[in-house]
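The block underneath contains the structure these notes are about, expressed in structure tokens.
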Amino acid sequence: MSKVLLSGNEAIARGAYEAGVHLAVAYPGTPSTEILESITQYPEIISQWGSNEKVAFETALGGSFGGGRTIVSMKHVGVNVAADPLFSLAYTGVTGGFVLVSADDPSMHSSQNEQDNRLYAHFAKIGLLEPANSQECKDFVKLAFQLSETFDMPFMVRITTRVAHTKGLVSLDEPIKKEILPYEKNFPKNVTLPANARRLRVSLEERLQKLKEYNETSPINKMEMNDQTIGIITSGISYHYVKEAIPHASILKLGSTNPLPLNLISQFAQQVEELWVVEELEPFMETQISAANIPCIGSSGCIPFYGKDLLPRIGELSPTILKDKILGITPAQPVLDPQSPIRPPVLCPGCPHRSVFHLLRDLRAIVTGDIGCYTLGALSPLDSIDTTICMGASIPMAMGIEKVHPELAEKLVAVIGDSTFFHSGMTGLVDAVYNGYTGTVMILDNRITAMTGHQQNPGTGLHLDGQEAPNIDIENIVKALGVKRVQTLDAYDLDELKDAIRTEMKTREISVIIVKRECALISTTLTGKYHVIADNCVACKACLRIGCPAISFNGVHTVIDPTLCVGCGVCIQLCRFGAIVKDVN
Amino acid sequence: MNKTVLLVGVGGQGTILAGKVLAQVALNLNLDVKMSEIHGMAQRGGSVVTQIKMGEKIHSPMIEVGEADDIISFEKLEAQRYLALLKPGGNIVYNDYEIAPMTVITGAAPYPDDIEENLNKAAGEVKKIPAYQMAEELGNIRTLNIILLGYVAQSWGEIDKEVWLDAIRVTVPSRFIDLNIEAFERGYNY
Ligand SMILES: Cc1ncc(C[n+]2csc(CCOP(=O)(O)OP(=O)(O)O)c2C)c(N)n1
């Protein structure tokens, strides 16, 4: 069949389709989001967003125990959320094939950390495949389903941002038809009571041992012998960096890396004069190779062995880094590299989050933040978020600060988005009611999961495929969780919002303000644009304090860029001189 | 043929679509191609870059210092930001339009006034195109990406125009094909 251009994520979706997958679940997170979005083009696969990664994982798990092939995808930190069921699933094993896609983000293009989730595969004792490009994404997903069923264990397919978001050529195959197995109750396998778990623990080691034997001869673990003065063991995207930087090297390319095929690695090591391990982030392979003493096993004594002592452990690798560190080739210097003012991401023009942070800054609130577009409220000129740790942390953290500093209770505000509230905010709020938090909570309901590119969530009234869904009302949830002071306000009405925040901050009782307004990028209600009447502008710059990218100062007066303004009208509420007016037409 | 192209701009400007058209051109020419794009946070008004490499066999999707044959920039300052990646003597095409980054809006830094000078110093050929105005004339500012691409197609010369038009037809949604082909022609003939 012909070749098509697919990103790694699209290729994973295609692989799931060709593997006859029945159920696909995910929670969005860059760089993994497009996997499930691409799966929706295959109506044969049941696909849905989970409210968080643990829920998504457990839904897929149920599908597997029910006899279907299932795939669940998430960004690297999502695996932290889903880790609990992951570790037990390794014990029970699967019924239908089960694949977890972990999309890691070396260099933190869109993440709060750069954890290396290969260590999870090792820790949880499951299979691990590391595709290097789009074609392998598709092929490895299909293989992962086979192996999952053969070795009775979940498989992790671990990709990184470069693999996920690079488009490359992929040849397509026909899908296979997989029947869903009939449901069968299986107490010794599927109920992890200690008595069963102890037996499963032993069987887990046996299954891993068999997988190790497979990995020794797996077709995706292969040597490319070339100049034997240098041998490089590598996996994932690093393989392509090696091929570009050191095309003459002998390479052992590993696609299936847990448990590591140490015999194969040893055979390779004995054929080269110098051994390198080239892998991004942690020395996952290197540490194990070193512990097995492989560089010293050959007849000629120990060969030189290099890895993280010379290669960076932080951030992405690149051909330039490899040429520099391995071949000693000094990196090219730019002809000209003038200083350019940085362009950090910003809240979009018309973003309903903007007014909230403008007010919280002016009210000098202590703001515990959460994760979403609204995290950008931490940046200048809004400067109003004090903490960002992980999804769901805002409410419990505000409570923790109050516990050690009761005198700050009237300053504390936790802010959390709608998707994040459904993800892991609700339990925190229940706890805050239970344990007597008296500060304020603001739920910024922009009717969508915006940061990751506008995915539906339980509050939007729509499913992944655009079909209508039960619309779960946040205000009702908050009341049901035991909060007495709850109100829903419009993000674009500054005065009303300011009064409410001020009052609730002062009130020594937990209160929730839901700020509701559609994300400006999906809004169907925003119309018109605003402009500045130069003669009226006194250059007080009050309107610049909201940090709208459409408003700038030209040295004399402020100007509104008509290509950026979407007409939210928040800025006119800041101008006391009537200098901002709506366009007439 | 080997080409290494950097498409840069401000998140939300449509660099990714232009990249897809370029990648489709490579596909039509039976070349290997890799296109690496940034999603996520930077898409919110940050500096964004799409990297495209085409040729016999492409390994690394990354474009590093001194490797880009062409920089196609959707905004003036962004053209300068990635200068280090330009090959000595490489070409720059940019949309003659300024979008102030937040650091400029807040007064933390000025919008540089020596950008044209710098571009001319570093590049073989620099072309500034009033792509916003041209797109506005066409009635849709989102066509600015294809206008820029049209100019690039003409300046490269070596690829048959039909190959480009075909790539546009395959890549853009059907109801926008005519509009984008018109945009391409305007860039091509600029
Ligand atoms: C555990 C975890 N999963 C996923 C993500 C990726 N992620 C970052 S922000 C975000 C969505 C936030 O949506 P919402 O709370 O509605 O805020 P918005 O972006 O719409 O303002 C997601 C899913 C993450 N950072 N951590």
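The values are calculated or read from the model by the stated rules, or taken from the named source; none is laboratory data. Quick caveat: nothing in here was measured; it's all calculated off a predicted structure. Ideal geometry is used to build each Cβ from the backbone, glycine not excepted, and the neighbour counts take in all protein chains shown. When the accessible area is computed, the model is the full protein with side chains, heavy atoms only, and any ligands, DNA or RNA have been set aside. Shrake-Rupley method; radii C 1.70, N 1.55, O 1.52, S 1.80 Å.
Loop-located chymotrypsin sites (Phe, Trp or Tyr not before Pro) in segment A:161-248 (DSSP state not H, G, I, E or B) with no more than 11 neighbouring Cβ atoms inside 10 Å: A:TYR183.
Can you give the FRET efficiency to the nearest 0.05 for A:THR527 and A:ASP383, using r as the Cβ-Cβ distance and R₀ = 45 Å? Kindly include the intermediate steps, with their values, before the conclusion.
Working: r = 31 Å, r/R0 = 0.68.
Given R0 = 45 Å and the Cβ-Cβ separation, E is 0.90.
Surface burial for B against A, with a 1.4 Å probe and both sides summed, reaches about 4600 Å² of accessible area. Rounded to whole numbers, the Karplus 3J(HN,Hα) couplings from phi for segment B:19-36 are x, 5, 5, 4, 5, 5, 4, 4, 4, 4, 8, 6, 9, 6, 8, 9, 10, 10 Hz, using 6.51 cos²θ - 1.76 cosθ + 1.60 with θ = phi - 60°, and x at Gly and Pro. In this simple spin-label approximation, A:ILE176 and A:VAL559 carry label points 7 Å from Cα along the Cα→Cβ vector, and these lie 6.2 nm apart.
So for segment A:530-582, what percent of the C-alpha to C-alpha distances run longer than 19 Å? Intermediate values should be presented prior to the final figure.
Numbers: 131 of 1378 pairs.
That fraction is 10 percent.
Bridges between two residues of segment A:361-490, per DSSP, are antiparallel at a rate of about 20%.
Spin-label model, A:LYS403 to B:LYS121: label points 7 Å out along the Cα-to-beta-carbon direction sit 5.7 nm apart. In terms of the Cα gyration tensor, with a ≥ b ≥ c the square roots of its eigenvalues, is segment B:90-132 rounded because a/c is under 1.5, prolate because a/b exceeds b/c, or oblate? Note, shape of segment B:90-132 comes out oblate. Only one residue of A:GLY436, B:ILE52, A:HIS22 has its Cα farthest out toward the positive end of the dipole of the protein assembly as shown, where Lys and Arg carry +1 and Asp and Glu -1 on Cβ, and that residue is A:GLY436.
Roughly what % antiparallel, to the nearest 5, for the DSSP beta bridges in the protein assembly as shown? Given both bridge residues lie in the protein assembly as shown, the antiparallel proportion sits at roughly 35 percent. If you wrap the tightest convex hull around every Cα atom of segment A:3-215 and split its volume per residue, you get 107 Å³.
Taking every DSSP beta bridge that has both ends in chain B, the antiparallel portion is near 50%.
Calculated FRET efficiency, A:THR427 to A:ASN536, Cβ-Cβ distance, R0 = 56 Å: about 0.65 to the nearest 0.05. Give the angle, between 0 and 90 degrees and rounded to the nearest 10, that separates the Cα long axis of helix A:83-92 from the longest principal axis of the Cα atoms of chain A. Between helix and principal axis, roughly 30 degrees. A:LEU147 sits with roughly 10 Å² accessible to a 1.4 Å probe, with DNA, RNA and ligands left out of the calculation. With a cut-off of 14 Å between beta carbons, the residues surrounding A:ILE294 carry a summed charge of -3, where Lys and Arg count +1 and Asp and Glu -1. Estimated at 0.36 nm per residue, the fully extended path between A:THR488 and A:SER266 surpasses their Cα-Cα distance by 73.5 nm.
Less than 13 Å Cβ to Cβ from A:LEU322, Lys/Arg counted +1 and Asp/Glu -1: what total charge do the surrounding residues give?
Working: positive: A:LYS243, A:LYS323, A:LYS325; negative: A:GLU244, A:GLU279, A:GLU280, A:GLU316, A:ASP324, B:GLU64.
The answer is -3.
In order along segment B:156-168, the phi-based Karplus estimate (6.51 cos²θ - 1.76 cosθ + 1.60, θ = phi - 60°) of 3J(HN,Hα) comes to 5, x, 6, 9, 4, 4, 4, 4, 5, 4, 5, 4, 5 Hz; Gly and Pro are listed as x.
Using R₀ = 22 Å, calculate the FRET efficiency as 1/(1 + (r/R₀)^6) where r is the Cβ-Cβ separation of A:ASN113 and A:ASP84; round to 0.05.
Working: r = 19 Å, r/R0 = 0.87.
With a Förster radius of 22 Å, E is 0.70.
Longest segment of chain B with no GluC sites (Glu not before Pro) in a DSSP loop having at most 10 other Cβ atoms within 10 Å? The reported range is B:57-157.
Distances between every pair of Cα atoms in segment A:122-183, grouped in 10 Å steps from 0 to the bin holding the largest one, split as 19, 43, 30, 7 percent. Measuring nothing but how far apart in sequence close Cα pairs (under 8 Å, 6+ apart) lie, relative to its length, segment A:530-582 scores a relative contact order of 50 percent.
Rounding to the nearest 20 debye, state how big the charge dipole of chain A is about its Cα centre with +1 on each Lys and Arg Cβ and -1 on each Asp and Glu Cβ.
Numbers: 50 positive and 63 negative charges, 126 e Å.
Charge dipole, chain A, about its Cα centre: 600 debye, nearest 20.
Residues in segment A:332-337 carry Karplus couplings, in order, of 4, 9, x, 4, 8, 9 Hz; the curve used is 6.51 cos²θ - 1.76 cosθ + 1.60 with θ = phi - 60°, and Gly or Pro positions show x.
Within the listed set B:THR50, B:THR171, B:THR103, the Gaussian network model of chain B (springs between alpha-carbon atoms below 10 Å) gives the highest mean-square fluctuation for B:THR103.
Take peptide B:62-68, look around each residue's Cβ out to 10 angstrom, count Cβ atoms belonging to other protein chains, and average those counts.
Working: counts 11, 1, 8, 8, 6, 3, 0.
Mean shielding count: 5.
Rg/Rh for the protein assembly as shown stands at 0.98; both radii use Cα atoms, and Rh follows the Kirkwood definition.
Charges at C-beta only: +1 for Lys and Arg, -1 for Asp and Glu. How large is the resulting dipole of segment A:164-320 about its Cα centre, in Debye rounded to 20?
Working: 16 positive and 19 negative charges, 180 e Å.
With Lys and Arg at +1 and Asp and Glu at -1, about 860 debye.
Between amide H atoms placed 1.01 Å from N, distances below 5 Å from A:GLU224 occur with A:ILE251, A:LEU252, A:LYS253, all of them 5 or more places distant or on a separate chain. In the full protein context, segment A:353-516 carries 38 Å² of accessible surface per residue, based on a 1.4 Å probe and ignoring ligands, DNA and RNA. Take chain A and mark each of the trypsin sites (Lys or Arg not before Pro) that is in a DSSP loop with at most 11 other Cβ atoms within 10 Å; the longest unmarked stretch, sites excluded, is A:186-363. Counting every C-alpha pair in segment A:353-516, the share spaced more than 25 angstrom apart comes to 23%.
Can you tell me, using C-alpha contacts under 8 Å and at least 6 residues apart, the relative contact order of chain B as a whole percent?
Details: 368 pairs, mean separation 39.7, N = 190.
The value is 21 percent.
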